[in-house]
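Student: Can you read through this structure? Questions will come right after.
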Amino acid sequence: MTDQNSFDVLRRDPRAERIIRNRLHPLHDTYINTGAGGELTEVRGPSGLLRKNPHNVGFIGPNGIKRIDRLKGNAAASGKGRRSSAAQETLLPLHQVENPDFYVVVVPDMVGGRLTGQDKDVIGQAHKLAVGIEGNGAVLAVCFGQSKEEHFDTAGVDRLLLLDDDSYEGYCPEQRLAALVQVESAYKPPFWLFPDSVNGGSDLGSRLAARIGERPAAQAWQVDNQTSICRGAAGTIDITRTTPRLLLLAEECADQIDETRHEALPVELGAVPTVIAKLQDQGQVAVDPNAISLAEAEFILAAGNGIHNWDQFHTAASILGATEGASRVAVDDGFMPRVRQVGATGTWVTARVYLAVGISGAIQHMQGIGQCDKVIAINTDAGCDMVKRAALSTIGDSQEILNELMTLVQQFRTQQSEGGDQDAA
Amino acid sequence: MQPKQSIAATGNNLKIVSLISVGKHPQSGRVRRADQDSRAVELGMKLLDSGNPTGGDSLVVLHAGDPKEPGLRGYAGMGLNSVQVLELDPAADAVAPLGEYLQQFAPDIVLTGVRAEGGESSGMVPYQLAEKLGWPIVPRVADIISVEAGVAEVLQALPRGQRRSLKIRLPFIASIDSAAQDARQSAYGPASRAMMDIEIVDSSTDQLRENWSEAPAKKRPKRLKVIKAKTAAERFKAATAKSQSEGGKVMQNESAAEQAQAIFDLLLEEGVLR
Ligand SMILES: Cc1cc2nc3c(=O)[nH]c(=O)nc-3n(C[C@H](O)[C@H](O)[C@H](O)COP(=O)(O)OP(=O)(O)OC[C@H]3O[C@@H](n4cnc5c(N)ncnc54)[C@H](O)[C@@H]3O)c2cc1C
C-alpha cells in the first residue's frame, strides 16, 4: 500500500507496453483491440478483410465527450493501472502498544464533548514524553462527561478511560479529583498532563497537584523529559526548571499527532468512592447574550443583506439566546451598529456555532469566521460561498425559516420549563 | 428582620481574609497592586458593606513577604485602616506561614487572585491552602451574591462571558477572576497613613526554586502550517485551495419546517440552546 494519494497516479505496465510495441506477440491483438465495452474494435470479417467497429473506438472523456485514442492503445494500456481517486481513503499506520509498561496520563478539557486543539497538543506532548522513557508506554486519556468525540484514534489516544456517569456531569471537581486519585494509585503514571486552560484543565490539574503534593509546571510551553520552560510572572518571564511529574501545558506546546492512528482501547477503573461535595452546582446563569463581547460569544446569529424583516431578526436572536452579529452591508445600511460587524474590518469571532442568515460569504466576511466550528447558513442562493463553508445549509427564504425555527425553540422552552416544574414537584 | 439579627448576634459575623501580593504592570513592569488581588479586596469590602448591619463583619487584608514593599500601599489606599503582613524572606515559601495564620485566625471566607503577577504565577497558592486547611476552593469567582446561614452563593466566571452559580458551605477559599468588579481607586493619603501590622514568622526557603533559571520571556515561534504532500500536484492544491469544511449538508428542496427542524437539531446537539 504505497499509493495512498488522493490524486490519480499513472501506473505504467511495462509488460503491456512491450506487448503493444511488438506486433508479432501472440497477445498483441487482445491488448490493442479492446475498445470501450471490452469488445473488439477490429475483427476479421468472413471474407478475410479487417472490419472496424466505429462505435467501440475511443472512450468517454471526463467532460462527457468521446475521445479517440490516437496512441493506439498505448495510453489505454497504461490506463489500466489508473486508480479512481474516489475510492481512496487515507489510512494512517496503526500505532499499537501491547501490554504497556507505563501510562502517561492526559486529562483533556473536552469542551462540548470534543477534544479541543489544546487537548490535541497536550496528547502530542504526552507521546513525546513517553518516547523519552525506557520501555513502551501508552498515552491514557481520562475523559469526563458525555463524549461526542469520534477521532480519539487519530488524535493519538492509545487507551481511553471514559467516565461518563451522571456523577461526573456538570461542575464537580471534587468527584473528578477522586477519580484522578484513583487513577494515580492504579497506574502510578510517570507524567500527568493537563491543558492549562480556563476550560477546567487548570483547575483540575491544580487540585490534583495539591492533593498528591506535586509542584506543577504551569503554562509550560517547551517540555522534554529533563527540563521544561514555563511562562511565569503573568507571561513576562520564562522559567527553566527540571520537569516535574505534573504539567499544566500551554497551547501549542507540542505538535499534534497526525501521522499515526492509535487504538483508543477503552480501559476500566475500579469503583470510585462518591465524594460528599462541598460545592453544589446550581447550573449556568442566564446572561444577556448581547452583553458578551462578540469576539468571545459562543453562539452568534448573524444577519446580512438577505434579512428584510429586522424586528423578526432581533426577536429570533433573543429567543435563540444568541449574540447578534452582522455583515458589513447590514452595518453600512444602518440596520446594525458597527460593533456587531463580523469580518476583516470588524470582529474576528470564535463562536462554536455561527448561524449566518442571508450572508453571501464574501472573503472579508469569511476571514472573520475562520475559527468557528460549526457554521449554519440560511440563504436563497445554493451556490454562494457561505453554503460551501457551512456544515448545514438550508436554501430558502430567511423569514420563513427563522419563523419556523422560533416556534420550534419556543416549544422546546415551554416543554423544558414544564419538565422542570415536574422535577421540582 | 428579627431572626436575621438574632443570627448575627449568635456569632454569624463574617470573618473575611483577603490575600494580597505585589503586582507588576504588564507593559511597564512597574510595581503596583495586583489586578486580581485588588478585585478580591474590593469584593471583600463589598461584602462588609452589604453584610451585617450591626457591623460584626471584619476584613483582614493579609500579605506574606516584605512589609516595606511599596506595592502594598496601593491596596491600603483603597480605604483600609491597616494591612496585616507576615514578614518573611522574599525567597521563602509563603504557603506554610499563611496556612498557619489562617488556621489560627479561622476566617469564613478567604479571597485570593487567580494568578500572581510575579514569580512562578502558577495559581497554586489557593489550592495548596485549601488542601492544607481541608476547605473547598472555588476558582475564578466573579461575585459573591449572598452569604446566609453558613452557605454562600457564588457566581463563577466561565469562558465566553458565561456565569455559573454555585452554593458552597463556609469556610471556603475563592480565587477572584478578572471578570469581578473593578477595584476602586487607590488614594495616596490613606495609602501612606495606613498601618502595617507586622508579624515576623519563620519560614523555610524555597529549595526547588533556587535551581530554576529565569529569563525575560522570549517570543514564542508561531506554529507553521506544515503541508505533508507527497506529489507536486498535492502541494499545488494545498497552496492554492481555499480551506473549506467539506461534506456540508445542503437542504434545498425540503419545506421550511423541515429545514428549521434540521437547524434546531444541530443547535440542540451542540448544546447552545439553554
Ligand atoms: C476593504 C473591505 C473590507 C471589508 N470588510 C468586511 C467585513 O469586515 N465584514 C463583512 O461582512 N464584509 C466586509 N466587506 C464587504 C464584503 O466584501 C461584502 O460586500 C459583504 O460581506 C457582503 O455582505 P452580505 O453577504 O450581507 O451581502 P450580499 O453579498 O448582498 O449577500 C446577501 C445574501 O443574502 C441572500 N439573500 C437575499 N435574500 C434572501 C432571503 N430572503 N433569504 C435568505 N437569503 C437571502 C443572497 O442570496 C445573498 O447570498 C469588506 C469589503 C471591502 C472592500
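Student: Are any residues in region B:192-226 under 26 Å from A:ALA233 (Cβ atoms) and among the polar types (S, T, N, Q), and if so, which ones?
Tutor: B:SER203, B:SER204, B:THR205, B:GLN207, B:ASN211, B:SER213
Student: What's the number of the condition A:VAL181 fails, among (1) touching a Pro at 6+ places or on another chain (Cβ under 9 Å); (2) modelled with pLDDT of 90 or more; (3) not acidic (Asp, Glu)?
Tutor: In the conditions (1) touching a Pro at 6+ places or on another chain (Cβ under 9 Å); (2) modelled with pLDDT of 90 or more; (3) not acidic (Asp, Glu), A:VAL181 misses (1) alone.
Student: Being more than 29 Å from A:LYS278 (Cα to Cα), in contact (Cβ under 8 Å) with a residue 40 or more places away in the chain, buried (at least 19 other Cβ atoms within 10 Å of the Cβ) and hydrophobic (A, V, I, L, M, F, W, C), is that true of even one residue in region B:186-193?
Tutor: yes
Student: Please pick out the residue among B:ARG209, B:ARG160, B:ARG220, B:ARG169 that is at the interface with chain A (Cβ under 10 Å from one of its Cβ atoms) and buried (at least 17 other Cβ atoms within 10 Å of the Cβ). Walk me through it before giving the result.
Tutor: Details: B:ARG209 fails: buried (at least 17 other Cβ atoms within 10 Å of the Cβ); B:ARG220 fails: buried (at least 17 other Cβ atoms within 10 Å of the Cβ); B:ARG169 fails: buried (at least 17 other Cβ atoms within 10 Å of the Cβ).
Exactly one of B:ARG209, B:ARG160, B:ARG220, B:ARG169 is at the interface with chain A (Cβ under 10 Å from one of its Cβ atoms) and buried (at least 17 other Cβ atoms within 10 Å of the Cβ), namely B:ARG160.
Student: Out of the residues in region B:135-144 that are facing chain A (nearest Cβ under 10 Å) and open to solvent by 30 Å² or more (accessible area, probe 1.4 Å), state the one that is farthest from B:ALA183 (Cα to Cα).
Tutor: So the residue we want is B:TRP135.
Student: Quick one: B:SER175 ticks every box in (1) open to solvent by less than 70 Å² (accessible area, probe 1.4 Å); (2) more than 7 Å from chain A (Cβ to nearest Cβ); (3) out of contact with any Leu (no Cβ under 9 Å at 6 or more places or on another chain) except a single one, so which number is it?
Tutor: Going through (1) open to solvent by less than 70 Å² (accessible area, probe 1.4 Å); (2) more than 7 Å from chain A (Cβ to nearest Cβ); (3) out of contact with any Leu (no Cβ under 9 Å at 6 or more places or on another chain) one by one, B:SER175 breaks only (3).
Student: Okay, next question. Six or more apart or on different chains, Cβ atoms under 7 Å: show the pairs whose first residue is in region A:313-330 and free of Cβ contacts under 8 Å to residues at least 12 places away in the same chain and whose second is within 16 Å of the ligand (Cβ to nearest atom).
Tutor: none
Student: Out of the residues in region B:102-119 that are assigned to a helix (DSSP H, G or I) and in contact (Cβ under 8 Å) with a residue 60 or more places away in the chain, which is most open to solvent (accessible area, probe 1.4 Å)? Even if it seems obvious, please write down each step before you answer.
Tutor: Of the residues in region B:102-119, the ones assigned to a helix (DSSP H, G or I) are B:102-105.
Filter again for in contact (Cβ under 8 Å) with a residue 60 or more places away in the chain, leaving B:102, B:105.
Working: B:LEU102: 1, B:PHE105: 53 Å².
Checking each candidate, the answer is B:PHE105.
Student: So, A:GLN219, is that one under 25 Å from the mean Cα position of the chain (by Cα), under 20 Å from B:ALA215 (Cα atoms) and open to solvent by 40 Å² or more (accessible area, probe 1.4 Å) or not? Reasoning before the result, please.
Tutor: On the way: under 25 Å from the mean Cα position of the chain (by Cα): yes; under 20 Å from B:ALA215 (Cα atoms): yes; open to solvent by 40 Å² or more (accessible area, probe 1.4 Å): yes.
So A:GLN219 fits the description; yes.
Student: Name the single residue that is nearest to A:THR315 (Cα to Cα) among those in region A:378-393 being near the ligand (Cβ under 9 Å from one of its atoms) and open to solvent by less than 30 Å² (accessible area, probe 1.4 Å).
Tutor: The qualifying residue nearest to A:THR315 (Cα to Cα) is A:ILE378.
Student: In region A:42-63, how many are β-branched (Val, Ile, Thr) and part of a loop (DSSP other than H, G, I, E, B)?
Tutor: Looking only at that region, the number is 1.
Student: Looking at region A:356-370, is at least one residue more than 27 Å from the chain's Cα centre (by Cα), open to solvent by 20 Å² or more (accessible area, probe 1.4 Å) and within 8 Å of the ligand (Cβ to nearest atom)? Walk me through it before giving the result.
Tutor: Taking region A:356-370 and keeping what is more than 27 Å from the chain's Cα centre (by Cα), we get none.
For region A:356-370, residues more than 27 Å from the chain's Cα centre (by Cα), open to solvent by 20 Å² or more (accessible area, probe 1.4 Å) and within 8 Å of the ligand (Cβ to nearest atom): absent.
Condition check ((1) acidic (Asp, Glu); (2) more than 30 Å from A:VAL106 (Cα to Cα); (3) not assigned by TED's automatic domain parsing to the domain that holds A:SER360) across all residues:
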site: A:ALA271; (1), (2), (3): no, no, yes
site: A:ASP281; (1), (2), (3): yes, no, yes
site: A:SER293; (1), (2), (3): no, yes, no
site: A:ALA297; (1), (2), (3): no, no, no
site: A:ASN305; (1), (2), (3): no, yes, no
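Student: Shifting gears a bit: Just give me the residues in region A:139-166 being open to solvent by 60 Å² or more (accessible area, probe 1.4 Å) and without any contact (Cβ under 8 Å) to a residue 24 or more places away in the chain, in sequence order. Give the steps one after another, and end with the answer.
Tutor: Our first condition is that a residue be open to solvent by 60 Å² or more (accessible area, probe 1.4 Å); within region A:139-166, this holds for A:146, A:148, A:150-151, A:162, A:165-166.
Answer for region A:139-166, where residues must be open to solvent by 60 Å² or more (accessible area, probe 1.4 Å) and without any contact (Cβ under 8 Å) to a residue 24 or more places away in the chain: A:GLU150, A:ASP165, A:ASP166.
Student: Here's a follow-up. Just checking, does region A:395-408 include any residue being surrounded by fewer than 22 Cβ atoms within 10 Å (Cβ to Cβ), under 22 Å from the mean Cα position of the chain (by Cα) and more than 9 Å from the ligand (Cβ to nearest atom)?
Tutor: no
Student: Which ranges mark the strands (runs of 3 or more DSSP E) fully within region A:236-345 that have 1 or more residues being away from the ligand (no atom under 16 Å from the Cβ), surrounded by 15 or more Cβ atoms within 10 Å (Cβ to Cβ) and within 14 Å of chain B (Cβ to nearest Cβ)? Walk me through it before giving the result.
Tutor: Details: elements: A:237-242, A:246-249, A:279-285, A:299-303, A:323-326.
Once the strands (runs of 3 or more DSSP E) in region A:236-345 are filtered for at least 1 residues that are away from the ligand (no atom under 16 Å from the Cβ), surrounded by 15 or more Cβ atoms within 10 Å (Cβ to Cβ) and within 14 Å of chain B (Cβ to nearest Cβ), what remains is A:237-242, A:246-249, A:279-285, A:299-303.
Student: Here is a follow-up. Could you list all residues from region B:223-237 that are open to solvent by 100 Å² or more (accessible area, probe 1.4 Å) and under 18 Å from A:GLN256 (Cβ atoms)? Before you say what the answer is, go through the steps one by one.
Tutor: Narrowing region B:223-237 to residues open to solvent by 100 Å² or more (accessible area, probe 1.4 Å): B:224-226, B:228, B:230, B:235-237.
Scanning region B:223-237 gives B:LEU224, B:LYS225, B:VAL226, B:LYS228.
Student: Could you check, for region B:120-127, whether at least one of its residues is more than 9 Å from chain A (Cβ to nearest Cβ), of a type in the set (Val, Ile, Thr) and in contact (Cβ under 8 Å) with a residue 12 or more places away in the chain?
Tutor: Yes; the residues of region B:120-127 include at least one that is more than 9 Å from chain A (Cβ to nearest Cβ), of a type in the set (Val, Ile, Thr) and in contact (Cβ under 8 Å) with a residue 12 or more places away in the chain.
The values are calculated or read from the model by the stated rules, or taken from the named source; none is laboratory data. This one's a predicted model, so the numbers in the text were calculated from it and none came from an experiment. Glycine gets a Cβ as well: all are built from the backbone with ideal geometry, and neighbour counts include every protein chain shown. Note: accessible area is taken over every heavy atom of the protein model, side chains too, but ligands, DNA and RNA are not part of it. Shrake-Rupley method; radii C 1.70, N 1.55, O 1.52, S 1.80 Å.
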